[in-house]
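Notes follow the structure.
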């Protein structure tokens, strides 16, 4: 159930509604927007009458939520979610946010060079895997904690924020001091135990769409994180598995405007995994922004031909710079901007 309070509702009015919802057996999630407070009641009380809430003091509107995702739906935050990072970067606002860097942290020299090249484009985030989920157990699995330390070190030197992938619950606590945003990869989109734990962490999370996940399944996975009280969540379209084999995945550009319609959460595009072919990444990045993406997550390596993972889809530094220049021209056309 959603209860939208009047703009002039007092704190006493709001608490009265919350207390009644709790009495009925709801778990109450509160969000305050620019003009009103929204109360979302999540749970399965035996019986309740929405009409009861419509007449309470300070209530503007009350209605049942028909969709299976209660907190991820746009009605919970009609104005959209904005996530503000400690350095002032805002995800979900007017500015398109750029996250770029190598697939994996390979050495200090490699990640420092990458960070300087990413920072030179005006991007806000350095991406790089300290832990790497690989299809083959014999492939490079990442540097682990040493990789995290390197990410933080070069982040402090360049001013970039750090996003990297978390693969299991035991890594969360270890990663907290080193990163600014957790990334949940496609393989873990339905790792519900991990998602539930990330809901209890007060640090932003970017969650990628699973390779065979429907949009409803994406939003239900988001619900696991939101239901824990962590509302700083970014969704990411990164391509899905179809019958087409020319590209690594099929980049579902249409998912971006659909998600923007259904949810209040920021939506990113990951064209690197979306197609898996370096020269196709720029057009897919541009298409993502044209479709309404709030940001992009892209792979860039100082020397892709010698990368330890995902070299074929990693941009050369000069390609990333050229793409950002194109994005600067496109962004105003869709009412956005690029740093």
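Coordinate-derived values only; no laboratory data. Source: prediction; values computed, not measured. Neighbour counts run over all protein chains shown; Cβ positions are idealised from the backbone, glycine included.
So here's what we get for this one:
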{"item": "Average Cα contact separation per residue, region 134-245, under 8 Å, 6 or more apart, as relative contact order %", "result": "21"}
{"item": "Cα-based helix-to-principal-axis angle, 11-24 vs the chain, degrees rounded to 10", "result": "90"}
{"item": "Burial order of peptide ranges 17-23, 5-11, 202-208 (average beta-carbon count within 10 Å, highest first)", "result": "202-208, 17-23, 5-11"}
{"item": "Rounded FRET efficiency, nearest 0.05, which uses the C-beta distance separating residue 153 from residue 200 and R0 of 35 Å", "result": "0.80"}
{"item": "Inter-site label distance for residue 34 and residue 145 at 7 Å from Cα along Cβ, in nm", "result": "4.6"}
{"item": "Between region 158-215 and region 249-282, the alpha-carbon center distance in angstrom", "result": "18"}
{"item": "Where the Cα pairs of region 2-66 fall when distances are cut into 5 Å bins, in %", "result": "4, 20, 34, 27, 12, 3, 0"}
{"item": "Hull-based mean projected area of region 86-241, where the convex hull spans the alpha carbons, in square nanometres", "result": "9.3"}
{"item": "From the coordinates shown, Cα extents along the principal axes in Å corresponds to which of (1) 63, 47, 35; (2) 66, 44, 44; (3) 100, 46, 39", "result": "(2)"}
{"item": "Helix-only mean residue ellipticity at 222 nm for the chain, each DSSP H run of n ≥ 4 adding -39500 (n - 2.57), per residue, nearest 500", "result": "-9500 deg cm²/dmol"}
{"item": "Computed FRET value (nearest 0.05) for residue 19 with residue 82, which takes r as the C-beta separation and R₀ as 22 Å", "result": "0.15"}
{"item": "Two-site FRET efficiency, residue 54 against residue 290, from Cβ-Cβ distance with R₀ of 35 Å, rounded to 0.05", "result": "0.25"}
{"item": "Percent RCO, i.e. relative contact order, over region 83-338, from Cα pairs under 8 Å lying at least 6 residues apart", "result": "19"}
{"item": "Degrees separating the helix 317-330 axis from the principal Cα axis of the chain, which is the longest one", "result": "40"}
{"item": "Linear extension gain, residue 192 paired with residue 326, 0.36 nm per residue minus alpha-carbon span", "result": "44.4 nm"}
{"item": "Label-point separation in nm, residue 174 to residue 67, each point 7 Å along Cα→Cβ", "result": "3.6"}
{"item": "Crossing angle, helix 215-227 versus the chain [Cα axis fit, 0-90 degrees, rounded to tens]", "result": "70"}
{"item": "Relative contact order computed over region 2-66 (Cα-Cα under 8 Å; 6+ residues apart), in percent", "result": "46"}
{"item": "Extended-chain gain in nm, criterion 0.36 nm per residue less alpha-carbon gap, residue 90 and residue 303", "result": "73.6 nm"}
{"item": "Antiparallel DSSP beta bridges within the chain, as percent of all bridges there, nearest 5", "result": "35"}
{"item": "Hypothetical label at residue 47: residues of region 55-79 whose amide nitrogen lies under 20 Å (7 Å Cα-Cβ projection)", "result": "55, 63-65"}
{"item": "Rounded, prolate or oblate (a/c below 1.5 giving rounded, otherwise prolate when a/b exceeds b/c) for region 1-114 by Cα gyration tensor", "result": "prolate"}
